[in-house]
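Asks: Pasting a structure below so you can have a look.
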Amino acid sequence: MALLTRRSFLGTAAAALTSPLAPAWALEEDDPYRMPAQSSAKTPAEFRRTVVNYQTKQFPGTIIVDTSARHLYIVLQGGQAIRYGIAVGKDGFRWAGMADVSRKVMWPKWTPPPEMIKRKPELAQWKDGMPGGPKNPLGARALYLFRDGRDTGYRIHGTTEPASIGKAASSGCIRMFNEDVIELYRRTPVGSRVLVYSEGL
């Protein structure tokens, strides 16, 4: 997929890149499910969604993931970024590199890969896919990461396990609070660049 140029990206997503945070998260009017917010005062401050000063050479709209710090950033204009807390892959499942958001799905279907079914045979019931919904491990939204036009198998998605945020708990994908991934979904056009670092920035 051709990458967005700086000019075309800013032209299509300027509002998303200059308005820091909505007063509260909200679902789209046509969203089929209603869920309470997952994050709370018990969540450590470093993993709550916030705007931070952030100097980078990457252009606004780029998603930068620091797996060692358990943070995801979306670069804004003016030397700022929105920082989100995330859960990352357990030892042996972590990955790093560059990818593009090539697909976005509301309440995505989840299909456990064969190697996961081998580790957890009880998941075989979902070998053809678990329908999206509040009990689906991918949560409310998913951004699908491709590299050189091919699906990496990795996703940025919501979660049914909010207590995992800030930890190494997944099978390689990047988990977010549902309210956070909903906001990221709104701000991120298809074609956005994603950079994943495993040893800090």
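Each value in this text was obtained by applying a stated rule to the coordinates, not by laboratory testing. Small disclaimer: the values here were computed from a predicted structure and weren't measured.
Asks: ³J(HN,Hα) across the range 164-177 via Karplus (A = 6.51, B = -1.76, C = 1.60, θ = phi - 60°), whole Hz, x for Gly/Pro?
Replies: 7, 4, x, 10, 8, 9, 9, 9, x, 6, 9, 9, 9, 4
Asks: From the backbone phi of the range 123-131, what are the Karplus-calculated ³J(HN,Hα) couplings (6.51 cos²θ - 1.76 cosθ + 1.60, θ = phi - 60°) in whole Hz, Gly and Pro given as x?
Replies: With coefficients 6.51, -1.76 and 1.60, one gets 7, 4, 5, 10, 4, 9, x, 9, x Hz.
Asks: With just the Cα atoms of the range 61-201, tell me how far they stretch along each of the three principal axes, in Å, largest first.
Replies: Each principal axis gives a Cα extent; for the range 61-201 these are 48, 32, 29 Å.
Asks: Under 5 Å between amide H atoms, partner at least 5 residues away or on a different chain: which partners does residue 170 have, H built in plane at 1.01 Å?
Replies: For residue 170, whose amide H was placed from the backbone, the distant partners under 5 Å are 88, 89, 90.
Asks: Right, another one. Kindly state, as a whole number, the per residue volume in cubic angstrom of the convex hull around the alpha carbon atoms of the range 99-140.
Replies: Cα-based convex hull of the range 99-140, divided per residue, equals 89 Å³.
Asks: From the phi angles alone, apply the Karplus equation (6.51, -1.76, 1.60; θ = phi - 60°) to the range 136-148 and give each ³J(HN,Hα) in whole Hz, x where the residue is Gly or Pro.
Replies: 6, x, 7, x, 6, 8, 9, 10, 8, 9, 10, 9, 6
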